[in-house]
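Here is the structure we will look at.
The values are calculated or read from the model by the stated rules, or taken from the named source; none is laboratory data. Given the structure is predicted, the values throughout are model-derived calculations rather than measurements. FYI the Cβ positions are ideal-geometry reconstructions off the backbone, even for glycines, and counts take in every protein chain you see. Accessible surface is based on the protein model in full, side chains and every heavy atom, while ligands, DNA and RNA are left aside. Shrake-Rupley method; radii C 1.70, N 1.55, O 1.52, S 1.80 Å.
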Amino acid sequence: MSVQEYLDKHMLSRKIEDAVNAAVRAKTADPVLFISNHMRKAVPSAITKIKARQILDSRGIPTVEVDLYTNKGMFRASTPSGAPSGMYGAIELRDGDKATYLGNGVSKAVKNINEKISEAIVGMDPILQNQIDQAMIDLDKTEKKGELGANAILAVSIAACRAGAAEKEVPLYKHIADLSGGGNHVLPVPAFTLISGGKHAGNNLAIREIMILPVGAQTFEEAMQMGSETYHHLKAVVAEKYGPHGCNVVEDGGLAPDITSFREGLDLVMEAITRTGYTNKLKIAIDVAATDFCIGSKYDLDFKSPKKSGQNFKSGEEMIEIYKELCKDYPIVSIEDPFDKEDWEQVKHFSGLGICQVVGDGLLMSNPKRIERAIQENACDALLLKVNQLGTVTEAIEVVKMAKDAKWGVVISQRSGETDDSFLADLSVGLATGQIKAGAPCRGERLAKYNQLIRIEEEIGDQASYVGEKWRHS
């Protein structure tokens, strides 16, 4: 084939002429670069290839990673993982072969991407997020994505979202904001984990997390400084009282000294806050994860102490009194899962007191039906969003809208098994959630999210707005 025949076959002469004319009109100082960019924009926007693989998350447990290709390049995403979400959350597809990764392998999910999902969405425009997500949902045909696996679907959904942003030549958070119909790009208040307990730690503390919220910071970067300094002061406090072994770090980066009571942990955090000098700028949040120690209608605060277990049972009414006293004695502004996930009456009663933000995690499981019920019954006033409990970016956008329409707060949340994927940071800014819970200011997979928020704030520049004192309703 001659050069002229090749040009004619692909209609290149006309395209090149159009690019040159555009460069002339623009009076560009670098015509080669201008023409190159102009030609690139002329290439159809389409997904050209998808390749999935099995990688390990921060716990050393397999998860799914996807490379999605378009004419603009390659876009990578990986799926976080946590404890099974039971009957209400989307299903992570695991291999179940105990001889390989103790049954936790994800080769089936990887195969589903490489063979089934790839065939369904290659050729689609990555800008059309809703259509891509719906194509995968239709292909799966189950309510909880149990056929293809929510871990498979979500990895592709996030990768496609990144590709869509690249096609539009906008930052990821801006693309997400466009998808949601929003416009405000606010930096969220981070909920830094300081002390870990519950099933996440080997100490005797019943509740899962004690966190700080730097609501008094003026910028996200300042909030990071406050979180880091408080974390390191806490390490010193813990080392003084419990020895160096008390500074052991657990899955989400929190410290796990051998403490047994709510107040013991809160007093340690308050001492650390005092040492930083940020007393009036930091508030406290706790994740009780009460389902972990609910037995029948009672709550066993010594469930982790074999010799004591069963001796410190509290009724729902007694737990409410405990929370009321704690909120009076400490600057607690948010309590997550204060009761069992099916204890609707107690959580409604407590939420109705208006003492603090009441966050639904196990209560809601990010499930639209559970969220709708909680809205109708005034069971809580904030959603903890775990994207992998839904399975697609589109569904995450939809439940955040539900929560915001109900005047709820929204907390974008990590999982215990994380990767270095920073998508949650862009999601929190794009959806203007006002709150993000990504663990301690420690461990790379946690800091991947926080550091991305620093970059986003820098990129937005003078227009950047840190939500600060308005963290509840950004």
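Worth pointing out:
- Identification of helices (runs of 4 or more DSSP H) wholly contained in segment 392-463 with 2 or more residues that are over 12 Å from the mean Cα position of the chain (by Cα) yields 393-405, 444-460.
- The selection criterion, being open to solvent by 40 Å² or more (accessible area, probe 1.4 Å), polar (S, T, N, Q) and in contact (Cβ under 8 Å) with a residue 40 or more places away in the chain, holds for Asn184.
Each row is one residue, and each column tells you yes or no for (1) of a type in the set (A, V, I, L, M); (2) modelled with pLDDT of 95 or more; (3) not in a loop (DSSP other than H, G, I, E, B).
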site: Ala83; (1), (2), (3): yes, no, no
site: Met87; (1), (2), (3): yes, no, no
site: Leu93; (1), (2), (3): yes, yes, no
site: Val110; (1), (2), (3): yes, yes, yes
site: Asn114; (1), (2), (3): no, yes, yes
site: Glu119; (1), (2), (3): no, yes, yes
site: Asp125; (1), (2), (3): no, yes, no
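- Some residue of segment 77-94 being within 24 Å of Glu251 (Cα to Cα), open to solvent by 60 Å² or more (accessible area, probe 1.4 Å) and in contact with a Gly (Cβ under 8 Å, 6 or more places away or on another chain): yes
- Here Ala46 passes the criteria (1) in contact with a strand residue (DSSP E or B) (Cβ under 8 Å, 6 or more places away or on another chain); (2) of a type in the set (Gly, Ala, Ser); (3) open to solvent by 30 Å² or more (accessible area, probe 1.4 Å) except the one numbered (3).
- Condition met for Ser422 (open to solvent by 10 Å² or more (accessible area, probe 1.4 Å) and at pLDDT below 95): no
- Considering segment 13-28, the residues that are open to solvent by 90 Å² or more (accessible area, probe 1.4 Å) and over 15 Å from Arg40 (Cα atoms) include one that is modelled with the lowest pLDDT, namely Lys27.
- Answer from Ile375, Ile355 - the residue that is open to solvent by 60 Å² or more (accessible area, probe 1.4 Å), not in a strand (DSSP E or B) and not acidic (Asp, Glu): Ile355
- Residue list for segment 48-81, filter: of a type in the set (Val, Ile, Thr) and not in a loop (DSSP other than H, G, I, E, B): Thr48, Ile50, Ile55, Thr63, Val64, Val66, Thr70
- When the residues of segment 210-225 are filtered to those that are more than 19 Å from Gln463 (Cβ to Cβ) and in contact (Cβ under 8 Å) with a residue 24 or more places away in the chain, the one that is surrounded by the fewest Cβ atoms within 10 Å (Cβ to Cβ) is Gly216.
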